[in-house]
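Working notes for the structure below.
Nothing in this text is a laboratory measurement; each read-out follows from the coordinates by a stated rule. Owing to the predicted nature of the structure, the values given are computational and were not obtained by experimental measurement. Positions of Cβ are generated from backbone atoms using ideal geometry, with glycine treated the same way; all protein chains shown enter the neighbour counts.
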Amino acid sequence: MGTPIRIQEIAQHVGQEVIIRGWLYARTDKGRLQFLQVRDGTGIVQAVAFKKEMTPEAFERALSVTQESSIVITGRVREDGRAPGYPGGYELGLSDLQIVQLANEYPITPKEHGIEFLMDHRHLWLRSTRQWAILRIRATIIKAIRDWLDDHGFLLVDTPLLTPAACEGTTTLFETDYFGSPAYLSQSGQLYNEATAAAFGKTYCFGPAFRAEKSKTRRHVMELWMVEPEAAYVELDECMEIEEQLISSVVATVLAVRRTELEIVERDVSKLEVITPPFPRLPYDRAVEMINDLGASEGVSIQWGEDFGSPQETLLSGQFDKPLFVHHYPTAVKAFYMAQEPDRPEVCRSVDLLAPEGFGEIIGGGERSGDPEFLERQIDTHKLPKDAYKWYLELRQYGGVPHSGFGLGIERTVTWICNLPHIREAIAFPRVLGRMYP
């Protein structure tokens, strides 16, 4: 009787008889030899069914088992450098195979499938090696973020998903009914983070956020996950330092823990190995000049006062091999709560972090205004409901201090680190414009 193991532990069991519970990923028929690729969620191992070493009934099951059937295999682990799998270099010489459920004909085959077909079958597409690798990298990114924040004095404090008002205006919010009153699915926990930062010094929230922008680009999902740190007594420069330390730590962790998965997605890791502090910093004024100088031959330009779109971000970030800070955007294009520069109120202490290789903004943040009169004017300008922000303005009346924070989008970060062509692969079940199935 073998020892039940998971495939990721296989190197510790060479020479031992083991049991693996999983699914058939693929099979190669060589007559008396059947080469089975078996996955269990932690990896894939080659299992060799040799007719002479199994009962006739067990070998017949190895001959008849279909792709994605659930199976329990028993065999002896041996090292073989030629054996494919994750981890590679090990295989099982089978003594038994039991079928838990014989799968129907599997719809996803080695042939090319269109993206709409794959999205319709996302619940099955997740089983493919590439999607498996991406989501394992995603899990590591999330853990690395939380570990860094927890280790650097930030306290996790959850914020509401149902809110009475918008963080940045109601035009991009999903509205719902809250017992007869309008409520919105949160696009950010940041306003609440300002309250918790005043209670705990350094906090963060981590959860889903919802954006109702009718954008159908490779960078947009309607339901996303964000981590949003906020810290009291932190001004813009220190906020940028926190961001670059966090991102550098996350990338280093992925390189250390998920090399195999990065290999599966064919990521050029040399592009990630250079991600170390400091990151380049570029004032918005200079960024506008660069875009207009560099983009003249490519038809990319911008007027001072406009926010960047994808073409401008791609052009700028392409000049650097590390993430790029662009700071001091025009006050008019940023959220109502951003602190103005006292000697230049037309710009604010905001900062975006643009990923290299054309992946665009992965972090938005900056220093928050401590001026209640300015905030009241901003609330009016943005046509926000004053009553819903009464509590927010009160934060400035009871021990207000300089404070800063930012939001890091998980899906965009995964897309960059994995070098994905589209953000939809960066989350298990993406919600994109026109799709809410499965």
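Ordering His327, His422 by the number of other Cβ atoms within 10 Å of each residue's own Cβ, fewest first, gives His422, His327.
What do you get when you divide the Cα radius of gyration of the chain by 2.2 N^0.38 Å, with N the number of residues? Please list the in-between numbers first.
Values: Rg = 26.0 Å, N = 438, 2.2 N^0.38 = 22.2 Å.
With N residues counted in the chain, Rg over 2.2 N^0.38 Å equals 1.17.
Please state the relative contact order of the range 122-426 as a whole percent: Cα pairs under 8 Å, 6+ residues apart?
Computed over the range 122-426, the figure is 21 percent.
Can you classify the range 207-297 as rounded, prolate or oblate using the Cα gyration tensor, where a ≥ b ≥ c are the square roots of its eigenvalues, rounded means a/c under 1.5, and otherwise it's prolate if a/b beats b/c and oblate if not? In terms of gyration-tensor shape, rounded. Once the GluC sites (Glu not before Pro) in DSSP loops with at most 12 neighbouring Cβ atoms within 10 Å are cut out of the chain, the longest remaining piece is 113-265. When you filter the chymotrypsin sites (Phe, Trp or Tyr not before Pro) in the range 367-438 for DSSP loop state and at most 14 other Cβ atoms inside 10 Å of their Cβ, you are left with Tyr398. Within the listed set Ile291, Ile115, Ile363, the Gaussian network model of the chain (springs between alpha-carbon atoms below 10 Å) gives the highest mean-square fluctuation for Ile115.
Between Ile134, Ile275, Ile302, the Gaussian network model of the chain with springs among Cα atoms under 10 angstrom shows the greatest mean-square fluctuation at Ile302. Looking at the range 100-215, the DSSP beta bridges with both ends there are about 75 percent antiparallel.
When Tyr337, Tyr204 are sorted by how many other C-beta atoms sit within 10 angstrom of their C-beta, beginning with the fewest, the order is Tyr337, Tyr204. Within the chain, the whole DSSP H helices whose Cα atoms reach 30 Å or more along their own axis and whose mean Kyte-Doolittle score is at least -0.5 are 129-151, 236-257. In deg cm²/dmol, rounded to 500, what helix-only [θ] at 222 nm does the chain give when every DSSP H run of at least 4 residues adds -39500 (n - 2.57) and the total is split over its residues? Calculated mean residue ellipticity at 222 nm is -8500 deg cm²/dmol.
Counting every other Cβ atom within 10 Å of each residue's Cβ, Lys390, Lys51 order from fewest to most as Lys390, Lys51.
When the chain is treated as a GNM with alpha-carbon contacts under 10 Å, the residue of Thr331, Thr42, Thr163 showing the greatest mean-square fluctuation is Thr42.
Could you tally the net charge around Pro4, taking each other residue with its Cβ under 14 Å from the Cβ of Pro4, Lys/Arg +1 and Asp/Glu -1? Local charge sum for Pro4: -2. If you average the alpha carbon positions of the range 182-253 and of the range 103-174, how far apart do those two centres end up, in angstrom? After rounding, the separation between the Cα centres reads 16 Å.
Counting lysine pairs in the chain whose alpha carbons fall under 28 angstrom apart, excluding pairs fewer than 8 residues apart on the same chain, gives 23. For the range 239-363, the gyration tensor built on C-alpha atoms gives an oblate shape. Its axis ratio a/c (a ≥ b ≥ c) is at least 1.5, and a/b is not larger than b/c.
Taking a quarter of the surface of the Cα convex hull of the range 121-160, what do you get in nm²?
Numbers: hull surface 16.3 nm².
Convex hull of Cα atoms, orientation-averaged projection: 4.1 nm².
Enclosing the Cα atoms of the range 3-101 in their convex hull gives a volume equal to 82 cubic angstrom per residue.
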